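This report refers to the structure that appears directly beneath it.
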């Protein structure tokens, strides 16, 4: 027995994304953001996208290219404070932004990935984020229902991948990537290094291959992956 | 800065468990079952315990010692087919057994570990396991509420641990261990090897140290850890 | 094993397509694996936390920490991964398991499955079976056509507690291949040496028999 | 930095006890770390997925994949661990975070905290702040006593959108240490060089002043 080879080109992988798709993007700030996959998406120009990402990167990087290019209709996120354009577009009504508490966004994504419908929590219960949330009383305790959040596509950044799609992430570049790997219909991972099958110790795999559909090997890292000197 | 040293003796660690405590036990069959911690619990003899474990091991091993010794009032589990004593005790009314679907048990434990109240699922909805479950309708879909399952103690088996409680598990000995590590007030891990601090690559840690309270180093593995020849 | 069972297992193996992620239940389903072409890309999942199960190991070569959900000592392959039980069932419930092959006590004409409990006789708990039956993309059953007392396992309605409702897509027995269609169970193939009438007579549920030649396996 | 702020940060550092797991918010709280004894056992958590944050790195030595939640390039320590965002917040919500130190726009006399939104002016989203404020075992605030316009940050009632209700245990300012008790805010310590009256006058919320000598810091 052997494993399926899921390697493909960046063009072919991104070409699967139609206009209007929902797309999860890994990353917390720079680490773990799939900048090359995003660049290809900018190049191909799909529009009306719903983007799900922890943050909106910084102006001039990653998600910001999609915003500038007018490809994003809706952004589900936790914090966009480092991207003035995102805030401007939101305030001008050109971008619909849905804010989640950060761990709740992570958990909504994981819940979809786990094939569950939602979860019960008291997080943000006394804040404006609680508005409109369905409430349940159990054992005398009030909980809010947070619904599972799935997407049509997830674009991930891995440090290493084998052709079957077993992924490893480096340091804090892990963040939302393994959660999004579980929660999208089509999961596309870019990898800094394509490792031969068997090169990753089964104990060290962060995202098991069955969750991943396409593996794209990066030839070189663009400057957006580098250390940001502010 | 440095990390707290959580190493202790097996006697002292288990002595914290009072009569009537709820105790999670890692393991799926033999791999990952903390046999030495269980042996010490049998030796110390705490009674009226609620045990939460995937299975009841086999007759003559692990959980079975606690059952035979009359220490278990209640067992929350998924499958006890390999332990005739557990089935007999259940049928005779000497042991209260609560069955969960296996992934639902895993998820209920993780939900407690994640500080959430419960989750919504359709798993087992048309079966007798659905009886008495609270139902919620969301977007025209019926879900059942599964509640978070926490415990006073979790007893885990790790292949390696450092003094701060960073844990690594071997192969399928991982199973419920990392989930239970999140879900108990006091988490006690036995380890085959005590590794020096820094010996585990931060990318390879399976259970981060902050989840663990006590680390017990095993001198030698009892024969229950060995390959079972049926 | 009887020749009829061997034929059933060989036929069931053809259900596995290249690239699939597959979970094989304890018993007959596990034996399907030996019938697959050695170079076929397929990933075997076990719910205790492994993707990419390799060959079963004899006791003297076994890794004490590496079993499948049935307790058999297995081995890793280049490309295997280990994970915790929550991730393992996320894979099942989240739609990443293409196929599961399970055993059965009873399968109803609407695809209900009973395979985990015989009240008063066999009450071990459901383990991972409910989630496999309810959430695998395709659920096929491997079972003898009748139980030891000669009673049909494909029934009008299950008498035993259900594992999952309307979950079964296809049943492989030592007599036939039967699809559960919206109209009811359809006889697709008959074992070499048996007639359609033999199968119909041995089956409690009313079988839909398509016109024309029924293939043999 | 002003001497008063340095005193505040030094005083806040004494809040950290050996063995604690601590999350330090962006800004003033991050600077507390430099005040800890080098051999003190403490584990710094950052919500983007690390336990055991080591020293900040200059750009030429930075690991591009290793930042804290504020975007600073940090380093690992022997004993650090990396994990995903769900695990990171499981640690926070599950009760494993002993202490968080956060900034504030407003703290109410009942311990309500507002620190994430100024409608119309500052609307970046809450990030991980809500969960830190609501679920850390102990929540302490580091803030100037008054804003740049001289308005008290310790108020009767928050006018800004809340981060979390009744979550604050203690406030460290450049003027005082204030506990939020069930009876209201209690003045515990006053900065060297100030009188109790100075602090009371600078505070919008009515302060409970215990009898006897109020310690200085």
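The values are calculated or read from the model by the stated rules, or taken from the named source; none is laboratory data. Please read all numbers here as calculations on a predicted model, not as lab measurements. A quick note on method: Cβ atoms are made from the backbone with ideal geometry, for glycine too, and the neighbour counts reach across all protein chains shown.
Quick look at the values:
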quantity: Subset of the stretch B:52-83 (residues that are closer than 13 Å to residue C:124 by Cβ and part of a strand (DSSP E or B)); calculated: B:55, B:75, B:77, B:79
quantity: Selection within the stretch C:111-128 - in contact with a strand residue (DSSP E or B) (Cβ under 7 Å, 6 or more places away or on another chain) and within 22 Å of residue C:8 (Cα to Cα); calculated: C:111, C:113, C:114, C:115
quantity: Failed item in (1) in contact (Cβ under 8 Å) with a residue 12 or more places away in the chain; (2) within 20 Å of residue C:217 (Cβ to Cβ), with residue C:3 passing the rest; calculated: (1)
quantity: Residue B:211 vs. criteria in contact (Cβ under 8 Å) with a residue 12 or more places away in the chain, within 16 Å of the chain's Cα centre (by Cα) and more than 14 Å from chain D (Cβ to nearest Cβ); calculated: no
quantity: Residue in the stretch B:88-107 that is surrounded by fewer than 18 Cβ atoms within 10 Å (Cβ to Cβ), more than 19 Å from the chain's Cα centre (by Cα) and within 9 Å of chain C (Cβ to nearest Cβ) present; calculated: yes
quantity: Selection status of residue C:160, surrounded by 17 or more Cβ atoms within 10 Å (Cβ to Cβ), within 28 Å of residue B:81 (Cβ to Cβ) and modelled with pLDDT of 95 or more; calculated: yes
quantity: Residue that is farthest from residue D:205 (Cα to Cα) [pool: residues in the stretch D:134-161 that are at the interface with chain A (Cβ under 10 Å from one of its Cβ atoms) and touching a strand residue (DSSP E or B) at 6+ places or on another chain (Cβ under 8 Å)]; calculated: D:134
quantity: Test: residue in the stretch B:39-58 that is touching a residue at least 40 places away in the same chain (Cβ under 8 Å), touching a strand residue (DSSP E or B) at 6+ places or on another chain (Cβ under 7 Å), within 12 Å of another protein chain (Cβ to nearest Cβ) and crowded, with 20+ Cβ neighbours inside 10 Å; calculated: yes
quantity: Positions within the stretch A:135-151 being modelled with pLDDT of 95 or more and outside any strand (DSSP E or B), in sequence order; calculated: A:148, A:149, A:150
quantity: The stretch B:108-133 - residue that is free of Cβ contacts under 8 Å to residues at least 24 places away in the same chain and buried (at least 24 other Cβ atoms within 10 Å of the Cβ) and, of those, farthest from residue C:125 (Cα to Cα); calculated: B:115
quantity: Selected residue (criterion: surrounded by the most Cβ atoms within 10 Å (Cβ to Cβ)) from residues of the stretch A:16-32 that are out of contact with any helix residue (DSSP H, G or I) (no Cβ under 7 Å at 6 or more places or on another chain) and within 16 Å of residue A:71 (Cβ to Cβ); calculated: A:23
quantity: Residues of the stretch B:84-114 classified as part of a helix (DSSP H, G or I) and within 21 Å of residue C:49 (Cα to Cα), total; calculated: 12
quantity: Of all residues in the stretch C:46-56 being more than 7 Å from every other protein chain (Cβ to nearest Cβ) and not in a loop (DSSP other than H, G, I, E, B), the one that is surrounded by the fewest Cβ atoms within 10 Å (Cβ to Cβ); calculated: C:54
quantity: Wholly enclosed strands (runs of 3 or more DSSP E) of the stretch C:57-118 bearing at least 1 residues out of contact with any helix residue (DSSP H, G or I) (no Cβ under 7 Å at 6 or more places or on another chain) and within 14 Å of chain A (Cβ to nearest Cβ); calculated: C:75-82, C:99-102
quantity: Test: residue in the stretch B:144-159 that is free of Cβ contacts under 8 Å to residues at least 24 places away in the same chain and either surrounded by 23 or more Cβ atoms within 10 Å (Cβ to Cβ) or within 14 Å of chain C (Cβ to nearest Cβ) (or both); calculated: no
quantity: Filtered residue count, the stretch B:158-216, keeping only those that are assigned to a helix (DSSP H, G or I) and closer than 20 Å to residue B:30 by Cα; calculated: 8
quantity: Index of the failed condition, residue B:67 passing every other in (1) within 13 Å of chain C (Cβ to nearest Cβ); (2) within 16 Å of the chain's Cα centre (by Cα); (3) buried (at least 17 other Cβ atoms within 10 Å of the Cβ); calculated: (1)
quantity: Residues of the stretch C:111-155 satisfying the condition of being more than 15 Å from the chain's Cα centre (by Cα), surrounded by 15 or more Cβ atoms within 10 Å (Cβ to Cβ) and closer than 25 Å to residue C:177 by Cβ; calculated: C:146, C:152, C:155
quantity: Which numbered condition residue D:26 fails, given (1) buried (at least 20 other Cβ atoms within 10 Å of the Cβ); (2) away from chain B (no Cβ under 14 Å); (3) closer than 30 Å to residue A:180 by Cα; (4) out of contact with any strand residue (DSSP E or B) (no Cβ under 7 Å at 6 or more places or on another chain); calculated: (1)
quantity: Hits in the stretch B:115-134 (condition: in a helix (DSSP H, G or I) and more than 8 Å from every other protein chain (Cβ to nearest Cβ)); calculated: B:130
quantity: Hits in the stretch B:5-15 - residues which are within 13 Å of another protein chain (Cβ to nearest Cβ) and buried (at least 19 other Cβ atoms within 10 Å of the Cβ); calculated: B:6
quantity: Extreme residue, surrounded by the most Cβ atoms within 10 Å (Cβ to Cβ), among residues of the stretch D:32-45 that are modelled with pLDDT under 95 and in contact with a strand residue (DSSP E or B) (Cβ under 9 Å, 6 or more places away or on another chain); calculated: D:32
